[in-house]
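Asker: Quick one: structure below, then a few questions.
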Amino acid sequence: MSSSTDSLRLNARVDAMQPSATLAMKSRAEERRRQGHPVVALSAGEPDFDTPQPISDAGVRAIRNGFTHYTENTGILELREAICRKFDRDNGVSYSPEQIVCSNGAKQSLALAIHALCDAGDEVLVPAPYWVSYPEMARFSGAEPVVVPTRVENNYRLTPEALDDAITDKTRLLLLCTPSNPTGTVYPPAELEALAEVLRDHEQVFVLSDEIYEHVIYDAEHRAFASLPGMKERTITVNGFSKAYAMTGWRLGYLAAPAPIAGAAAKIQGQFTSAPCSITQKAGVAALEMDKAPVDEMVAAFRRRRDVVVDRLRAIDGVRCPTPEGAFYVYPDLSHFFGLEAPDGSTIADGDDLCFYLLEAHNVALVPGPAFGEPKGLRLSYASSMEDLETAMDRIETGLHALG
Ligand code: PMP
Ligand code: GLU
């Protein structure tokens, strides 16, 4: 029997939107756990560490001091000033507090930036593999996401030639993510400069630079796109607290942009959500000002886990796995296993099937490649305990060996 809601008309852009694959896999893994299956979830990109103590203490102090009211829409001045000092100190870029908008996570900052800039008829360049939400945010603004493939041989980095070929007179925005989710690749400064060189010939194109994994980096140098000559005026930098400070649940991110774009983002925020949580903002100030030892310890742990996961993946015949230099993801190419048969007689046609098989038959949750625009890969997050990672790797190895 059909219910009356089956034919309910929704906003056409919502209807056209794909649900977030990362969040969907997280829920699916949790649901299987509730059913009693011992799932190891390497699906969501979320540090398993507690938020460092000085940050939590600042949050508790904010509550105790009654700092529990609405704040200025773009965030308290104290936080925006601390963010400006961070840009100076870490990135060599100078912003004024009016150019900073603090939001409920970097996800919201990205959405604000895209909606502030893009319109129907605009094209948004999204190098693949991309983080799942970029094309959906672009499409929701009315713009057209244009996926630009990259190659595993080039560590999944966009080349200046591919960028130049993709730009049309409709191109409004280029999305960059370094260190990258889902591949962990980091653009060396010289390669960013080569991309900037292409953009210098195309004044209408802005860059949305997602630098949320800036501090989660190994043996590589992070360069802020806005710090490249002439690029600050055309760049919106997005960053946040979720990853480096293990603050996913606090919900705090920010953007830094030329004043008219920051003003437009603030206007949207003012009508949709207002400022982020007052308590979280005080915690954010503490995060930016604290001694960085807890961050270094987390990054050192991520590095040890990365090494184990990459070594174990590479030891499996047929797996191709570039070494990630940042973030906490690996994106192995598992296309060798597509077309093979599972022990129950079903065929593993693609990454979606492989992901489903690993979850249902071996209790490991990963995220399938199609959601990232590069169907040969699967994303594995190694922001989990070493014990869980070893168990997951045993299961993946067994699962892949069982295909024939
Ligand atoms: N950008 C990237 C590349 C991410 O991986 C995430 C993680 N969810 C975000 C933005 C958003 O982070 P948050 O909203 O938790 O600040
Ligand atoms: N950024 C994380 C991920 O990619 C968290 C999930 C999300 O916000 O989409 O898994």
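We did not get these values from a lab; they are worked out from the coordinates using the rules stated. What you are looking at is a predicted structure, and each value in this text was computed from that prediction instead of being measured. As a convention, Cβ positions derive from the backbone with ideal geometry for all residues, glycine included, and neighbour counts pool all protein chains shown.
Asker: Would you list 174, 163 from fewest to most Cβ contacts within 10 Å?
Answerer: If I rank by nearby Cβ atoms, fewest first, I get 163, 174.
Asker: Sorting 241, 337 on the 10 Å Cβ count, fewest up front, what's the list?
Answerer: Neighbour counts put them in this order, fewest first: 337, 241.
Asker: Could you work out how far helix 386-401 tilts from the main Cα principal axis of the chain, as a 0 to 90 degree angle to the nearest 10?
Answerer: Taking Cα atoms only, the helix is inclined about 50 degrees.
Asker: Among the DSSP beta bridges whose two residues both lie in the chain, what percent are antiparallel, rounded to the nearest 5? Please report the intermediate quantities before stating the final value.
Answerer: Working: 16 of 36 bridges.
Antiparallel: roughly 45 percent of the beta bridges in the chain.
Asker: Across the range 139-192, how large is the tail of the calculated P(r) beyond 15 Å, expressed as a percent of all Cα pairs?
Answerer: The proportion of pairs with Cα distances above 15 Å equals 53 percent.
Asker: State, to one decimal in nm², a quarter of the convex hull surface area for the C-alpha atoms of the range 83-200, i.e. the direction-averaged projected area.
Answerer: For the range 83-200, the mean projected area of the Cα convex hull comes to 7.9 nm².
Asker: Continuing with this model, one more query. At q = 0.10, 0.18 Å⁻¹, what base-10 log of I(q)/I(0) does the Debye formula yield for the range 143-278 when every alpha carbon is treated as an equal point scatterer in vacuo?
Answerer: -0.36, -1.13
Asker: Sort 186, 310 so the one with the fewest other Cβ atoms within 10 Å of its own Cβ comes first. Could the numbers behind the result be given before it?
Answerer: Values: 186 26, 310 18.
Taking fewest neighbouring Cβ atoms as first place, the list is 310, 186.
Asker: Follow-up question, since we're still on this one. Using only C-alpha atoms and all pairs of different ones, pull out the Kirkwood radius for the chain in Å with one decimal.
Answerer: Numbers: mean 1/r = 0.0454 Å⁻¹.
Its Kirkwood hydrodynamic radius stands at 22.0 Å.
Asker: Can you quote the Å³ per residue value for the convex hull of the Cα atoms in the range 112-172, rounded to an integer?
Answerer: Values: hull volume 4.5 nm³, N = 61.
Looking at the range 112-172, the number lands at 75 Å³ per residue.
Asker: Working from Cα positions, state the angle (0 to 90°, nearest 10) between the long axis of helix 259-272 and the longest principal axis of the chain.
Answerer: So the inclination is approximately 70 degrees.
Asker: Let me ask you something else. Any chance you could get the radius of gyration and Dmax over the Cα atoms of the range 22-61, in Å?
Answerer: Reported Rg and Dmax, both Å: 14.5, 40.
Asker: At what distance in angstrom do the alpha carbon centres of the range 288-335 and the range 73-122 lie from each other?
Answerer: 28
Asker: How much length is gained on full extension from residue 10 to residue 344, taking 0.36 nm per residue of separation minus their Cα-Cα distance?
Answerer: Numbers: separation 334, 0.36 × 334 = 120.24 nm, distance 3.98 nm.
The span from residue 10 to residue 344 would gain 116.3 nm if fully extended.
Asker: In debye, nearest 20: dipole of the chain around its Cα centre with unit charges on the Cβ of K, R (+) and D, E (-)?
Answerer: Numbers: 38 positive and 56 negative charges, 226 e Å.
Value, rounded to 20: 1080 debye.
Asker: With everything on Cα atoms, drop me the angle between helix 106-117 and the longest principal axis of the chain, reported from 0 to 90° to the nearest 10.
Answerer: That works out to roughly 60 degrees.
Asker: Could you compute how fast the range 234-324 diffuses translationally, taking Rh as the Kirkwood radius over C-alpha pairs and applying Stokes-Einstein at 10 °C with viscosity 1.306 mPa s? Give it in µm² per second.
Answerer: Diffusion coefficient, whole number: 97 µm²/s.
Asker: When every alpha-carbon pair in the range 1-144 is counted, what percent end up more than 17 Å apart?
Answerer: 78
Asker: Quick one: Debye curve from the C-alpha atoms of the range 250-388, no solvent, what's log10 I(q)/I(0) at q = 0.13, 0.17, 0.18 Å⁻¹?
Answerer: Cα-only, vacuum Debye calculation for the range 250-388: -0.80, -1.00, -1.04.
Asker: Rounded to the nearest whole Å³, what is the per residue volume of the convex hull around the Cα atoms of the range 286-362?
Answerer: On the way: hull volume 9.5 nm³, N = 77.
Per-residue hull volume (Cα only) is 123 Å³.
Asker: Next question. So what is the diffusion coefficient of the range 64-116 in µm² per second by Stokes-Einstein at 4 °C and 1.567 mPa s, using a Kirkwood Rh over Cα pairs?
Answerer: D, rounded to a whole number, is 105 µm²/s.
Asker: Averaging over every viewing direction, what projected area does the convex hull of the Cα atoms of the range 1-68 cover, in nm²?
Answerer: Directional mean of the projected Cα hull area for the range 1-68 stands at 9.7 nm².
Asker: When the Cα centres of the range 341-404 and the range 246-275 are compared, how far apart do they sit, in Å?
Answerer: Taking the Cα centre of the range 246-275 as reference, the centre of the range 341-404 is 36 Å away.
Asker: Using each residue's phi in the range 187-200, evaluate 6.51 cos²θ - 1.76 cosθ + 1.60 at θ = phi - 60° and report the 3J(HN,Hα) Karplus result to the nearest Hz, with x for Gly and Pro.
Answerer: Calculated HN-Hα couplings, in order: 6, x, x, 5, 6, 5, 4, 5, 5, 4, 4, 5, 5, 4 Hz.
Asker: Just from its helices, what would the mean residue ellipticity at 222 nm be for the chain, if runs of 4 or more DSSP H residues each count -39500 (n - 2.57) and the sum is divided by every residue, rounded to the nearest 500 deg cm²/dmol?
Answerer: For the chain, the value works out to -12000 deg cm²/dmol.
Asker: I've got another one for you. Of 107/170; 107/267; 232/282; 107/292; 243/292; 26/107, which sit over 20 Å apart, Cα to Cα? Display every interim value, and only then the final one.
Answerer: Details: 107/170 25 Å; 107/267 17 Å; 232/282 28 Å; 107/292 24 Å; 243/292 14 Å; 26/107 17 Å.
The pairs that break the limit, which is 20 Å between Cα atoms, are 107/170; 232/282; 107/292.
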